[in-house]
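The structure under discussion appears below in the form of structure tokens.
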Amino acid sequence: IAKEVAKLLEMKAQLGDEGKSKFVLKTPKGTRDYSPKQMAIRERVFNAIITCFKRHGAEVIDTPVFELKETLTGKYGEDSKLIYDLKDQGGELLSLRYDLTVPFARYLAMNKITNIKRYHIAKVYRRDNPAMTRGRYREFYQCDFDIAGQFDPMIPDAECLKIVHEILSELQLGDFLIKVNDRRILDGMFAVCGVPDSKFRTICSSVDKLDKMPWEDVRSEMVGEKGLSPEAADRIGEYVRLHGGLDLIEQLLQDPKLSQNKLAKEGLGDMKLLFEYLTLFGITGKICFDLSLARGLDYYTGVIFEAVLVQQENDHVEESVSVGSVAGGGRYDGLVGMFDPKGRKVPCVGVSIGIERIFSIMEQKVEASAEKIRTTETQVLVASAQKKLLEERLKLISELWDAGIKAEMLYKKNPKLLNQLQYCEDTGIPLVAIVGEQELKDGVVKLRVVATREEVDVRRENLVEEIKTRTSRS
């Protein structure tokens, strides 16, 4: 045994030396840590989003971070190559979830749910080439809101767009535009332009790049790489440059080619209805019907939409920060049926808020405005003015905690009063409850307002009420 132990120790020593020299302290590519200050900004964003989802009557669910590999396969089109596969563990081939929509569809089919309005906020994983500065990561949060069930056309779809409008207005990120299109209009347009059926999806993912690439590049990809005839590409070009509102929908309904196509006609009819509802919601000013919007995912079947920020207004930054899309979604009526053994369909429409990109902008805004961000919610610091009062501080802070007050104290037996007050300045704690010998005799606590340095004696039994009153105003 001694011999074996010696051998193992020797191996460990060798490994130890190697390990030390090669070990790099970093987060994995495409991920990041969040400091307390960043988390405080982040929580602000999450709260605004969750409040909105709840205002619209959504329930909340959660699903595992990994799914069976076959659950995710074949649902994302050309993006499938970005799925993270895990090693075989105990006979199951698993992959990290790529979004929250496919797990939601699996959940509905598995539990035979035909009707739910839910939100889900969780991390998803993509083996993408990260662009950290633009808020593109390999691990990131998605905030999804979906309405599943058989309803009259375009009412749930209009609500999803209203939610995007509410959230982006609430977060005050600057000017935004919500582009809307319909998969049926796209497919109809491809058909009348002479795109073969088998090429619909791949041409669709080319059109989807129009927000990042000029038309010439997209055209050469369609013709050169994907084998589309130049004539068909040029016909598509005439359509995908069109954008507008109800007037454009009316114009396309009269279009000699499109109006003959059953799919396009259905899509345009629904689009017209959608715009009528959006007019009633009073939000058409920020909505644009855009024929170039394609959204690359395979599972969309009807209305699709994407919210983009328009030109960052930022005095402190020379060039404008364009972070692109901050929310997207659409209707996917066939996805649940793909999981259901009997192929029963559950129509769904949903929206996903791109929290990381929003967060990048919020962070820049806070940096630029030099706003002081509090990273704790502490209402009061329990302090002492003389020595030998640790027991009294512990008794008082315990009373406050038990009454639901957020309180802190310094972890020293005899801290100097100045240091205690300085701690409040540094962390933004608004109040100090000071215990001293005289106060103890009189049954009071000296309450000091950090900002104004005003001090009042408060009877011990009234302290909780007083702290609550003073901090609810701030």
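The values are calculated or read from the model by the stated rules, or taken from the named source; none is laboratory data. What you see is a predicted model; the values in this text were computed from it and never measured. Cβ coordinates were reconstructed from backbone atoms using ideal geometry, including for glycine residues, and neighbour counts include every protein chain displayed. SASA here: full protein model, heavy atoms, side chains in, ligands and nucleic acids out. Shrake-Rupley method; radii C 1.70, N 1.55, O 1.52, S 1.80 Å.
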Test set (1) among the β-branched types (V, I, T); (2) at pLDDT 90 or above; (3) in a loop (DSSP other than H, G, I, E, B); (4) over 27 Å from E465 (Cβ atoms) - T378 fails condition number: (4)
Residue check, A407 surrounded by 15 or more Cβ atoms within 10 Å (Cβ to Cβ) and of a type in the set (G, A, S): yes
Pairs, first basic (K, R) in the stretch 339-367, second open to solvent by less than 30 Å² (accessible area, probe 1.4 Å), C-beta under 6 Å, six or more apart: K345/G337; R357/G135; R357/V323; R357/V326
Filtered residue count, the stretch 202-214, keeping only those that are under 16 Å from L186 (Cβ atoms) and either surrounded by fewer than 17 Cβ atoms within 10 Å (Cβ to Cβ) or touching a Phe, Trp or Tyr at 6+ places or on another chain (Cβ under 8 Å) (or both): 4
Among (1) assigned by the TED database to the domain that holds I353; (2) in a helix (DSSP H, G or I), the one test that L15 misses: (1)
Residue list for the stretch 231-254, filter: part of a loop (DSSP other than H, G, I, E, B) and under 16 Å from K209 (Cα atoms): R241, L242
Hits in the stretch 426-449 - residues which are part of a loop (DSSP other than H, G, I, E, B), crowded, with 18+ Cβ neighbours inside 10 Å and out of contact with any Phe, Trp or Tyr (no Cβ under 8 Å at 6 or more places or on another chain): P430, G436
Filter pass, L68 being in contact (Cβ under 8 Å) with a residue 12 or more places away in the chain, over 27 Å from F359 (Cβ atoms), open to solvent by 30 Å² or more (accessible area, probe 1.4 Å) and out of contact with any helix residue (DSSP H, G or I) (no Cβ under 6 Å at 6 or more places or on another chain): yes
Answer residue from the stretch 247-281, given it is crowded, with 16+ Cβ neighbours inside 10 Å and in contact with a Ser or Thr (Cβ under 9 Å, 6 or more places away or on another chain) and is farthest from R183 (Cα to Cα) among those: L278
Some residue of the stretch 164-187 being more than 30 Å from the chain's Cα centre (by Cα) and either of a type in the set (G, A, S) or open to solvent by less than 10 Å² (accessible area, probe 1.4 Å) (or both): no
Any pair with Cβ under 6 angstrom, 6 or more apart, that starts in the stretch 223-246 at a residue that is in contact (Cβ under 8 Å) with a residue 60 or more places away in the chain and ends at one that is part of a strand (DSSP E or B): H243/C288; H243/D290
